[in-house]
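Since the structure comes first, as structure tokens, the remarks are kept for the end.
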């Protein structure tokens with residue numbers, strides 16, 4: 001069947017390559033986490049200690065003069081930046097790595113389900129209920145990709161905001177809701193429901209013949 005549909009074979013190969021690459025990336029995350037926990041000199045901690053933060057206000061200590069020679073206080077408001085702090089505790093880094101770890105695991109799960117679908121397509125199993133079940137699981141996984149890493153980042157930002165007191169900087173924790181990925185997950189879920197229902201109707205029709 002795969003010789004009849006070369007596109008299916010090509011996509012299956014691409015999915016397999018992505019599958020292995022994601023596992024290599026996950027292994028690299030585990031190795032980095034172990035090296036960080038053992039304070040190994042192999043990993044440059046200073047490069048990893050930078051993390052994204054949202055701020056409400058940053059006071060700039062130097063005043064400026066305008067054309068009228070009037071002194072003005074200046075500050076930045078409502079923005080996002082990358083904060084670097086030397087000698088910071090490792091748990092901030094582990095929280096960020098946890099977010100990436102969860103995101104990668106869910107993506108691997110999606111690739112696994114896609115491989116299941118395409119392996120069935122290669123044998124000629126197209127409009128079957130099981131493919132709809134796989135698609136529904138993909139919808140749940142995509143929803144997890146949209147929400148779980150964001151929740152972890154939000155909890156981490158709350159922890160950072162409550163535990164870091166930086167003079168002149170007012171940090172804030174904001175939940176960045178991923179509307180597009182969430183909408184995509186809901187769309188995939190609807191497609192899965194329609195697919196499963198259609199497959200069930202086809203099975204009933206085949207039984208009546």
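The values are calculated or read from the model by the stated rules, or taken from the named source; none is laboratory data. Because the structure is a prediction, the values reported are computed rather than measured. All Cβ positions, even for glycine, are placed from backbone atoms using ideal geometry, and neighbour counts span all protein chains on display.
The residues on offer are 58, 64, and the sole one that is part of a strand (DSSP E or B), at pLDDT below 75 and surrounded by fewer than 16 Cβ atoms within 10 Å (Cβ to Cβ) is 64. Of the candidates 151, 166, 191, 160, the single residue that is over 21 Å from residue 22 (Cβ atoms), surrounded by fewer than 17 Cβ atoms within 10 Å (Cβ to Cβ) and touching a strand residue (DSSP E or B) at 6+ places or on another chain (Cβ under 9 Å) is 166. Checking each residue in the stretch 169-185 for being over 26 Å from residue 81 (Cα atoms) and exposed (fewer than 14 other Cβ atoms within 10 Å of the Cβ) picks out only 183. For residue 126, the criteria (1) closer than 30 Å to residue 27 by Cβ; (2) in contact with a helix residue (DSSP H, G or I) (Cβ under 9 Å, 6 or more places away or on another chain); (3) at pLDDT below 85 hold in every case but one, which is (1). Selection of the stretch 156-177 for residues being touching a helix residue (DSSP H, G or I) at 6+ places or on another chain (Cβ under 7 Å) and under 11 Å from residue 57 (Cα atoms) yields 171, 172. Annotation note: Cβ proximity below 6 Å between a residue of the stretch 146-170 that is part of a loop (DSSP other than H, G, I, E, B) and a residue that is surrounded by fewer than 16 Cβ atoms within 10 Å (Cβ to Cβ) and modelled with pLDDT under 85 (sequence gap 6+ or interchain) occurs for 168/59. Residues that are over 18 Å from the mean Cα position of the chain (by Cα) and modelled with pLDDT of 80 or more do occur in the stretch 178-188. Does residue 115 satisfy being surrounded by fewer than 17 Cβ atoms within 10 Å (Cβ to Cβ), under 25 Å from residue 22 (Cβ atoms) and either at pLDDT below 95 or in contact with a helix residue (DSSP H, G or I) (Cβ under 8 Å, 6 or more places away or on another chain) (or both)? Against the criterion (surrounded by fewer than 17 Cβ atoms within 10 Å (Cβ to Cβ), under 25 Å from residue 22 (Cβ atoms) and either at pLDDT below 95 or in contact with a helix residue (DSSP H, G or I) (Cβ under 8 Å, 6 or more places away or on another chain) (or both)), residue 115 does not qualify. Is it true that some residue in the stretch 178-190 is touching a helix residue (DSSP H, G or I) at 6+ places or on another chain (Cβ under 9 Å) and farther than 30 Å from residue 26 by Cα? Yes, that holds for at least one residue.
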